[in-house]
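First comes the structure, then the notes that go with it.
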Amino acid sequence: MEKLLESHAEELSSEDLTKLDKQILSEDVEEAETPEPKGFITKEMADGFRLIEEGMFTFKQQDANTARFTKIHRGIIEYL
């Protein structure tokens, strides 16, 4: 136990510091490579669907062919 305590009192060599730096960098890389799992957030989903509906309304206003727009709109809604 005394040797362990004494070893902590000694200064680290350049080689020891290099090893520690490499160890810290490899741990950082491992943490960076593990992405957080993705998941849906209800509010953000609602915002996304609202934006889709706003876009569809814009297309509806510009499309003179009501039947074509209705067919496309129905297809998009079914796909979602």
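The values are calculated or read from the model by the stated rules, or taken from the named source; none is laboratory data. Keep in mind it's a predicted model, so treat the numbers as computed, not measured. Cβ coordinates were reconstructed from backbone atoms using ideal geometry, including for glycine residues, and neighbour counts include every protein chain displayed.
What to note about this one:
- Among the residues of the stretch 3-15, those that are at pLDDT 60 or above and either in a helix (DSSP H, G or I) or surrounded by 10 or more Cβ atoms within 10 Å (Cβ to Cβ) (or both) comprise 12, 14, 15.
- Test result for residue 59, at pLDDT 85 or above and surrounded by 10 or more Cβ atoms within 10 Å (Cβ to Cβ): yes
- Residue 18 vs. criteria surrounded by 10 or more Cβ atoms within 10 Å (Cβ to Cβ) and modelled with pLDDT under 90: yes
- Long-range neighbours under 8 Å by Cβ, at least six apart or interchain, first residue within 21 Å of residue 80 (Cβ to Cβ) within the stretch 56-70, second part of a helix (DSSP H, G or I) and among the aliphatic types (A, V, I, L, M): 56/76; 59/72
- Residue match in the stretch 30-45 (condition: surrounded by 10 or more Cβ atoms within 10 Å (Cβ to Cβ), under 26 Å from the mean Cα position of the chain (by Cα) and at pLDDT 90 or above): yes
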